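Values quoted throughout were computed directly from the atomic coordinates according to the rules given, and no laboratory measurement underlies them. Quick caveat: nothing in here was measured; it's all calculated off a predicted structure. Neighbour counts run over all protein chains shown; Cβ positions are idealised from the backbone, glycine included.
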Amino acid sequence: MKKVAVPLTQLYKKLYKDFGPQHWWPGQSAFEVMVGAILTQNTNWQNVEKAITNLKKRKVLSFKKMFSLPENKLAALIRPAGYYNIKARRLKNFLRYLAENYSGNLAKMRQRATPGLRQELLSVNGIGPETADSILLYGLNRPVFVIDAYTKRILQRHKFITGKADYHQAQGLFTRALKKDVKLFNEYHALLVKLAKDFCLKNKPRCQICPINS
């Protein structure tokens with residue numbers, strides 16, 4: 001790890017001042033957020049919204065209805081999210097996990113301690129660290145910082161981490177520097193996503209006008 005010029009706490013304050021609250025994650029229920037966390041793998045949120053809209057139009061965006069929906073029909077509805085056959089399978093894996101462990105009851109799921117719950121989620125085929133942590137933070141209000149491609153890009157370019165850093169090393173930067181607070185973790189991650197989308201672009205970063213450099 002290289003020494004950084006701007007502490008993560010100061011970076012948060014600067015981004016919040018420049019961008020304001022992001023009101024993320026968009027979702028009308030915890031279950032919707034969990035479904036969205038799986039659908040957003042390898043695609044952008046606009047495509048996920050289209051898939052979520054399809055599920056709502058068919059009135060199947062609930063545990064019971066999605067659990068009983070045949071996988072091929074679920075795949076057709078989430079087609080806008082891309083990789084729809086794979087994601088339908090992953091959603092079904094997640095739904096089976098909910099059924100077997102909590103009878104599909106999110107209230108029961110919330111009673112589980114975070115470390116054990118995270119390990120359970122990671123054991124579900126198709127759910128990796130980013131998806132599991134998104135479910136925990138945004139769906140269940142647990143103080144777990146989410147690391148995605150946007151966040152790693154910013155951390156690497158501003159020398160917070162090297163290219164060899166893995167998910168948990170990047171995550172550890174935030175958990176060590178910040179107090180464990182759901183609202184803070186939620187807002188900070190959303191601000192980093194906005195920074196990456198608007199300035200820290202993958203191919204043509206707008207470094208000269210980036211808020212971090214001003």
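Summary table below
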{"quantity": "Of all residues in segment 48-58 being over 16 Å from GLY126 (Cβ atoms) and crowded, with 20+ Cβ neighbours inside 10 Å, the one that is farthest from the chain's Cα centre (by Cα)", "calculated": "LEU55"}
{"quantity": "Flag if GLN10 is loosely packed, with under 15 Cβ neighbours inside 10 Å, without any contact (Cβ under 8 Å) to a residue 40 or more places away in the chain and not in a helix (DSSP H, G or I)", "calculated": "no"}
{"quantity": "Pair list, Cβ under 7 Å, 6 or more apart: segment 93-117 residue free of Cβ contacts under 8 Å to residues at least 12 places away in the same chain, other residue assigned to a helix (DSSP H, G or I) and loosely packed, with under 15 Cβ neighbours inside 10 Å", "calculated": "TYR102/LYS108"}
{"quantity": "Subset of segment 183-214 [more than 17 Å from LEU8 (Cβ to Cβ), assigned to a helix (DSSP H, G or I) and either touching a helix residue (DSSP H, G or I) at 6+ places or on another chain (Cβ under 8 Å) or acidic (Asp, Glu) (or both)]", "calculated": "LYS197, ASP198, CYS207"}
{"quantity": "Selected residue (only one of LEU155, LEU137, LEU121 is over 30 Å from CYS210 (Cβ atoms), touching a residue at least 12 places away in the same chain (Cβ under 8 Å) and among the aliphatic types (A, V, I, L, M))", "calculated": "LEU121"}
